[in-house]
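Asks: Attaching a single structure in structure tokens format; questions to follow.
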Amino acid sequence: MKSLFLNIILAVLLAFPSLGYAVEDDDILGEWVTEDRDCRVAMFKKGHRYFGKIAAIKPPNYLPGETNDMDGKPRLDSNNQNEALRSRPLVGIELMKDFLFDNDKWTGGRIYDPKNGKTYECEISLAEDGKLHVRGYIGVSFLGRSTVWESARVYFEKELVFLGLAGCFCR
């Protein structure tokens, strides 16, 4: 009897492989909130490749007294290693480039870190809980650093619950 039960379970699992977690290539599209909650990244597609740009940052402008003569002006890419790019605003920068979807993850791309002005090789995967795992590295992946991003929609819904406005998600 026990053997029959195990055979039935095995047959069901083999007959319905789609019952497991499957990642689709365009699942990455949309907006994501970074782990530090200070940046929102919009992921988009050009042809077969995936890209990400800064959609918003906190705070978007320099605070009074933070930087000489910059009070209230948009934050700039001041740490960029290319001096010619240091005067561009951070919002709108394409910080993720050239990712291809392969085997349930996005690989072959690069990510720019505006906090230190460096660009790294990068791979991205989507966990079963819907969070994006972003790993930047130099050379080999295990020598890198990972960060976890949350869907902006999920993040904002949680914030509305916190504020007592559950069910009031506005577009």
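The values are calculated or read from the model by the stated rules, or taken from the named source; none is laboratory data. Please read all numbers here as calculations on a predicted model, not as lab measurements. Here the Cβ positions follow ideal geometry from the backbone for every residue, glycine too, while neighbour counts run over all protein chains shown. The accessibility values were calculated without ligands, DNA or RNA, using every heavy atom of the protein model including side chains. Shrake-Rupley method; radii C 1.70, N 1.55, O 1.52, S 1.80 Å.
Asks: With a 1.4 Å probe and all protein chains left in place, how much accessible area per residue does segment 64-156 have, in Å²? Please report the intermediate quantities before stating the final value.
Replies: Working: 5490 Å² over 93 residues.
For segment 64-156, the per-residue accessible area is 59 Å².
Asks: Cβ neighbours within 10 Å, averaged per peptide: list 27-36, 76-85, 127-136 in order, most packed at the top. Walk me through the intermediate numbers first.
Replies: Details: 27-36: 17.2, 76-85: 13.2, 127-136: 15.7.
Sorting 27-36, 76-85, 127-136 by mean packing, highest first, produces 27-36, 127-136, 76-85.
Asks: For segment 32-171, what number results from the quotient of the Cα radius of gyration and 2.2 N^0.38 Å? Before the final figure, lay out each step's value.
Replies: Numbers: Rg = 16.5 Å, N = 140, 2.2 N^0.38 = 14.4 Å.
With N residues counted in segment 32-171, Rg over 2.2 N^0.38 Å equals 1.15.
Asks: Nearest 0.05, what FRET efficiency do Ala56 and Lys118 give at R0 = 25 Å with Cβ-Cβ as r? Spell out each step's value before the answer.
Replies: Working: r = 22 Å, r/R0 = 0.88.
It comes out at approximately 0.70.
Asks: Got a sec? What order do Cys39, Cys122 fall in by accessible area at 1.4 Å, biggest, i.e. largest, first?
Replies: On the way: Cys39 20, Cys122 0 Å².
Largest to smallest exposure gives the sequence Cys39, Cys122.
Asks: Taking segment 56-112 as the region of interest, what is the percent of Cα-Cα pairs per 5 angstrom bin, listed from the shortest bin to the one with the maximum distance?
Replies: 4, 17, 19, 19, 14, 10, 8, 5, 3, 1
Asks: Could you work out how far the C-alpha centroid of segment 41-60 sits from that of segment 61-78, in angstrom?
Replies: Segment 41-60 and segment 61-78 have Cα centres separated by 23 Å.
Asks: Still on this structure: Mind listing the phi-derived Karplus ³J(HN,Hα) values for segment 69-75, rounded to whole Hz, using 6.51, -1.76 and 1.60 with θ = phi - 60°, and x for any glycine or proline?
Replies: Along segment 69-75, the couplings run 6, 10, 3, x, 8, x, 4 Hz.
Asks: Rounded to the nearest percent, how much of the accessible area of segment 96-167 (1.4 Å probe, protein heavy atoms only) is carbon and sulfur?
Replies: Working: 2340 of 4250 Å².
Carbon-and-sulfur percentage of accessible area, whole number: 55.
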